[in-house]
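*Asks:* Have a look at the structure that comes next, please.
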Amino acid sequence: AWYVPCLASLETLQELCRKENLTCKSIGITNKSVKSYEVEYLCDYKVEEGKAYFLVKWKGWPESSNTWEPRKHLNCPVLLENFLRDKNEYLSRGREGKALKVRNHVKALKPAIADYIVKKAKQRIALQRWKEELNRKKNHKAMILVENTVDLEGPPLDFYYINEYKPAPGINVLNGITTGCECADCPAEKCCPKEAGFILAYNKRKKLKIQPGLPIYECNSYCRCGPDCPNRIVQKGTPYSLCIFRTNNGRGWGVKTLQKIKINSFVMEYVGEVITSEEAERRGQFYDNQGNTYLFDLDYDSDEFTVDAARYGNVSHFVNHSCDPNLQVFNVFIDNLDLRLPRIALFSTRTIKAGEELTFDYQMKGSIDLTSDSAEGLSPSKKRIRTVCKCGAVCCRGYLN
């Protein structure tokens, strides 16, 4: 499906809804808000005749309806806290790298400060809506959080969350499986991995025990074993709560874990559009002109297909490169035994602390050979431009490719 962004502003849509007496929860117009007033955010501040006033943006009302309200009329401590924090943040940054003194008693805010406060408020609302959207669309229990304390960047405008591969026309990603194992208690002698000629990938604690480069064969939808089978790991989705956050060193968005992750644990799957290598080459030239790309070659058995996570993907879309990564790529086969179309899973290479950024090597060897010409994306090994690496690792190679 193709999506066309609405050209009308949020305020215009809200005003039209009110004029036509319509409700639309997605833009904040509900039966309750049609006739009531709720503070959405605070825009400005002034003092007149010794009284403090705040300029209020009312939820579900256009900015043309903003009003100045005395402090005593406002019962929104969180929004007041956000307002003061954003004001102090702007002042502390100062000009030319010098922090300005924060004054507690001011008659009115300068226009630049008020403009920054409004932009931060709008960003906060947009990121909250994006977080809610991500959590509605995900198919796993763990939460996805969003955080930007670095700049005014909001959610990506042309990214759509998916949980599994989105095949291009003519590509079948569910192919080649008609039977499963008969195990009552996996693993048995004829469990799925052994039928494929490989060993079981997980130990009794459901941690990875095979070396990079070896495939993972999990039990599938035809197998007799239940959901608690120790050979069903990747198919259950991300087990950890993660946070998409804005990096402070020019690497765009990144991903950090909110929980401790033990070594050899499954963390997430890399998904996107499955396209032919010919189409990937065509898109790659277009992405080069934009300065980023998210193309991932599926060359476990052949070089026929590529995953493009530029527009469609999951949390892995935002994982950055590192020359000393804490994640490793593995090829996984579950309901599709086509060696040209493995699923891509990322496992921890060591214990990862809560709050630590998740990374993998875009040139990772032993599984799928990747290189990149963008600090925020992946590309096939055929790429030309050398890009300086910003991972900051002691063993940094200096370049992403």
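Per-residue answers, yes or no, for (1) on the phi > 0 side of the Ramachandran plot; (2) modelled with pLDDT of 95 or more:
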residue	(1), (2)
Pro5	no, no
Arg18	no, no
Leu22	no, no
Glu38	no, no
Gly50	yes, no
Phe54	no, yes
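*Asks:* What do you reckon, is Tyr222 in a loop (DSSP other than H, G, I, E, B), of a type in the set (Phe, Trp, Tyr) and surrounded by fewer than 18 Cβ atoms within 10 Å (Cβ to Cβ)?
*Replies:* yes
*Asks:* Listed residues Ile275, Ile244, Ile199; which is assigned to a loop (DSSP other than H, G, I, E, B) and β-branched (Val, Ile, Thr)? Walk me through how you get there before you give the answer.
*Replies:* Values: Ile275 fails: assigned to a loop (DSSP other than H, G, I, E, B); Ile244 fails: assigned to a loop (DSSP other than H, G, I, E, B).
Residue meeting the stated conditions: Ile199.
*Asks:* Step by step: first the residues of the stretch 137-182, then only those that are β-branched (Val, Ile, Thr) and not in a strand (DSSP E or B), then the one that is nearest to Ala126 (Cα to Cα). Which residue is that?
*Replies:* Ranking the candidates gives Thr149 first.
*Asks:* Now a separate question. Report yes if Thr293 is of a type in the set (Val, Ile, Thr), in the same structural domain as Asn264 (by the TED database) and out of contact with any Gly (no Cβ under 6 Å at 6 or more places or on another chain), otherwise no. Steps first, please.
*Replies:* Numbers: of a type in the set (Val, Ile, Thr): yes; in the same structural domain as Asn264 (by the TED database): yes; out of contact with any Gly (no Cβ under 6 Å at 6 or more places or on another chain): no.
No: the conditions fail for Thr293.
*Asks:* What's the total number of residues in the stretch 38-85 that are outside any loop (DSSP other than H, G, I, E, B) and either among the polar types (S, T, N, Q) or over 17 Å from Ala108 (Cα atoms) (or both)?
*Replies:* 16
*Asks:* Anything in the stretch 24-36 that is at pLDDT below 75 and surrounded by fewer than 15 Cβ atoms within 10 Å (Cβ to Cβ)? List them, or say none.
*Replies:* If the condition is that a residue be at pLDDT below 75 and surrounded by fewer than 15 Cβ atoms within 10 Å (Cβ to Cβ), then Lys32, Val34, Lys35, Ser36 are the ones that fit.
*Asks:* Are there any pairs, at least 6 apart or on different chains, whose C-beta atoms fall under 8 Å, with the first in the stretch 187-204 and open to solvent by less than 100 Å² (accessible area, probe 1.4 Å) and the second part of a loop (DSSP other than H, G, I, E, B) and of a type in the set (S, T, N, Q), and if so, which?
*Replies:* If the second residue must be part of a loop (DSSP other than H, G, I, E, B) and of a type in the set (S, T, N, Q), the pairs left are Pro187/Asn231; Cys191/Asn231; Cys192/Asn220; Cys192/Asn231; Pro193/Asn231; Leu200/Asn231; Ala201/Asn231; Tyr202/Asn231.
*Asks:* How many of the residues making up the stretch 135-148 are touching a residue at least 60 places away in the same chain (Cβ under 8 Å) and either crowded, with 16+ Cβ neighbours inside 10 Å or of a type outside the set (D, E, K, R) (or both)?
*Replies:* Looking only at that region, the number is 9.
*Asks:* Here's another thing I want to ask about it. Among residues belonging to the stretch 253-298 that are surrounded by fewer than 23 Cβ atoms within 10 Å (Cβ to Cβ) and among the small types (Gly, Ala, Ser), point out the one that is modelled with the lowest pLDDT.
*Replies:* Gly291
The values are calculated or read from the model by the stated rules, or taken from the named source; none is laboratory data. Predicted model only: the values in this text are computed from it and were never measured. Positions of Cβ are backbone-derived with ideal geometry, glycine not excepted, and every protein chain shown enters the neighbour counts. Just so you know, the surface numbers come from the protein's heavy atoms only, side chains and all, with ligands and any DNA or RNA stripped out. Shrake-Rupley method; radii C 1.70, N 1.55, O 1.52, S 1.80 Å.
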